[in-house]
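This report concerns only the one structure given below.
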Amino acid sequence: MTTVSFHMEESRIVAFDVKGHSGYADQGSDIVCAAITSAVRMVECTLNDVLGLGATVKVCENTAKISFYLPGGLSASADNTCQALLTGLMVYLTELHEEYPDNITVLEV
């Protein structure tokens, strides 16, 4: 099971963690893990490589964990963009949970 925890400060998403393999199929053939990884990478690339916002991303392959943290001091415009992307990610992963409830769970913490 993959657990995605979105860390909230009031109504803002400030970070998220993705932990574990979904268990849908063998590693390397798992479409649920591939969908999660692809979505997370899209958000990270958009925020860091396209917008240059400097979000922190930590990947630990040994424990199958990805942690993502927004930087502090964002302008209102940059924060709005981040919140739109992160909320979109949360909605997408929640819909994935509805389709594969035994393989992914999404939490707000």
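Being within 22 Å of T105 (Cα to Cα), touching a helix residue (DSSP H, G or I) at 6+ places or on another chain (Cβ under 6 Å), at pLDDT 95 or above and crowded, with 16+ Cβ neighbours inside 10 Å holds for only one residue in A55, A39, A15, and it is A39. Considering (1) open to solvent by less than 30 Å² (accessible area, probe 1.4 Å); (2) touching a residue at least 12 places away in the same chain (Cβ under 8 Å), the lone condition that D30 does not fulfil carries the number (2). Of the strands (runs of 3 or more DSSP E) lying entirely inside the chain, those containing at least 1 residues that are among the polar types (S, T, N, Q) are 2-9, 56-60, 65-69, 104-108.
Here D79 passes the criteria (1) under 25 Å from G20 (Cα atoms); (2) in contact (Cβ under 8 Å) with a residue 60 or more places away in the chain except the one numbered (1). Considered as a group, the residues in the range 68-109 that are of a type in the set (F, W, Y) and within 11 Å of the chain's Cα centre (by Cα) include one that is surrounded by the fewest Cβ atoms within 10 Å (Cβ to Cβ), and that residue is Y69. Looking only at the range 1-12, count how many residues are open to solvent by less than 80 Å² (accessible area, probe 1.4 Å) and free of Cβ contacts under 8 Å to residues at least 24 places away in the same chain. Residues that pass the stated criteria total 0.
The values are calculated or read from the model by the stated rules, or taken from the named source; none is laboratory data. Only a predicted model underlies this, so the values are computations on that prediction, with no experimental measurement involved. Cβ sites come from the backbone with ideal geometry, for glycine too, and all protein chains shown count toward neighbours. Protein only, heavy atoms only, side chains kept; ligands, DNA and RNA dropped before computing areas. Shrake-Rupley method; radii C 1.70, N 1.55, O 1.52, S 1.80 Å.
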